[in-house]
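Reading through the structure tokens given below for one structure.
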Amino acid sequence: MSNVIVVLVDGVAYGMLLFLFAVGLSVTLGLMRFINLAHGAFAMGGAYLAVVLVNDGGLPFLLALPLVFMATGAAGALLERGVIRHLYDRGALQQVLFSIGLAFALSATATIAFGPQQQGVQIPSWLMGRHCVFGVQISGYRVFLVAAGAATAAALAYLFDYTLFGARIRAAVDNRVAAEGIGIKVDRLFVTTFAIGSALAGLGGALSIEMLGLDPTFAFKYLTMLLMIVAIGGAGSTEGLLMAALFLGVVDALFKYFLPEAGSFVIFGVLVAVLVVRPHGLRGRTA
């Protein structure tokens, strides 16, 4: 029984990590209608930046995290202003080709700068220890991931669903001309939103190093899973995304432990079933 509890905790932690990864993609795809397949590359960039700050710069891991968040957000804002803003009105194919090409370029850059080998990061010993909860030994880092994911989900749900900023974003996406006509600064909103999505990707990448590892293929390794989570949860829905990420994380952990050969089949089966019943995902917007 204790093994099952540990596996479930690992699944929830993995699901929260997937949520942190995918929420930025959901923001850009659901709220801005931009197909950003380079999202994994932002996560990879945040992870490598954390390695440099912690291992080479000597910064504590927890202090490096906000710096990674701000740096990847700034990089996303610069990219949005320089290139991506010209692609909003282009077709989906052009957006896909640009973003996937950017991901390949950044992956090649990471190989040149850091080599093809796996990278690690120094996590505080108190965070890596195991703690006894109801008689079960649980990793402190897993608990930290769950707390970080829950806090992020609450903050984003409030920001996009219950603030004027979120209302302006939805209005700008639905009808940009009308939004600009009533005084909404659409360009400023879009660069801010893209920066938030990029910053969350970088944060998720930094948090994932200990659990998932890091190498130059990172930008593509989990892209399919992220797209599945956004499709099941519904692009632009924080609540739906959280439900999908937790469900897939727990299912993946359970099947890897009890029936490894059936894990992928079950996950893709869930994707097909949800999209047949709800083509826009569990909580996605229909327009």
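The values are calculated or read from the model by the stated rules, or taken from the named source; none is laboratory data. Every value quoted in this text rests on a predicted model; they were computed, and no experiment measured them. Cβ atoms come from the backbone with ideal geometry, glycine included; neighbour counts cover every protein chain shown.
Overview of values
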{"item": "Filter result (assigned to a helix (DSSP H, G or I) and surrounded by 24 or more Cβ atoms within 10 Å (Cβ to Cβ)) within segment 227-239", "result": "Ile229, Val230, Ile232, Gly233, Thr238"}
{"item": "Single residue of Leu212, Leu242, Leu223 found to be buried (at least 20 other Cβ atoms within 10 Å of the Cβ), modelled with pLDDT of 85 or more and more than 17 Å from Pro279 (Cα to Cα)", "result": "Leu242"}
{"item": "Residues that are among the hydroxyl-bearing types (Ser, Thr, Tyr) and either surrounded by fewer than 24 Cβ atoms within 10 Å (Cβ to Cβ) or at pLDDT below 85 (or both), drawn from segment 18-48", "result": "Ser26, Thr28"}
{"item": "Residue match in segment 48-59 (condition: of a type in the set (Gly, Ala, Ser), over 18 Å from the mean Cα position of the chain (by Cα) and in a helix (DSSP H, G or I))", "result": "no"}
{"item": "Selected residue (only one of Val136, Val121 is modelled with pLDDT under 85, surrounded by 14 or more Cβ atoms within 10 Å (Cβ to Cβ) and on the phi < 0 side of the Ramachandran plot)", "result": "Val136"}
{"item": "Gly166 vs. criteria part of a helix (DSSP H, G or I), free of Cβ contacts under 8 Å to residues at least 12 places away in the same chain, touching a helix residue (DSSP H, G or I) at 6+ places or on another chain (Cβ under 6 Å) and not hydrophobic (A, V, I, L, M, F, W, C)", "result": "yes"}
